[in-house]
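Structure first, commentary second.
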Amino acid sequence: MAITKKPQKDSVERALAAEQQAFRKQHAQLMARYEGEYVALHLGRVIAHGPDDEELAQSLYAKLGDKLFYIAKVEREPTICEVPSPELES
């Protein structure tokens with residue numbers, strides 16, 4: 001009988017959920033300081049911010065490698081993007 005490791009996916013999902021929760025918990029403070037910008041969180045703390053999420057991500061990948069971080073835009077109401085499902089288009 002082979003011993004298999006539990007997939008790392010669960011731990012990554014939990015870590016990402018923790019970063020999202022940290023973002024929500026700090027939202028009022030983030031609004032006061034970074035409204036309209038993107039912030040990056042790692043271990044529940046803001047590690048970087050800026051106006052462009054792609055540039056922010058590239059910079060963090062260069063600095064952190066494959067460590068998990070979370071980027072979100074600091075705004076009063078979250079932006080919701082609706083993307084049609086490919087199955088519905090005929």
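What follows draws every value from the coordinates through simple rules; no lab data is involved. None of the values given here were measured: they were computed from a predicted structure. Because the Cβ atoms are built from the backbone with ideal geometry, glycine has one as well, and the counts that use them run over all protein chains shown.
Over all distinct Cα-Cα pairs of segment 10-73, the Kirkwood formula returns a hydrodynamic radius of 11.9 Å. For the chain, set up a GNM with springs between Cα atoms under 10 Å and report which of Glu77, Glu35, Glu13 has the largest fluctuation. In the Gaussian network model the winner is Glu77. Label reach from Ala15 (point 7 Å along Cα→C-beta): in segment 64-82, amide nitrogens under 13 Å belong to 64-70.
Taking amide H positions as modeled 1.01 Å from N, with prolines and chain starts lacking one, the residues under 5 Å from Ile47 and 5 or more places away or on another chain are Ala40, Leu41, His42.
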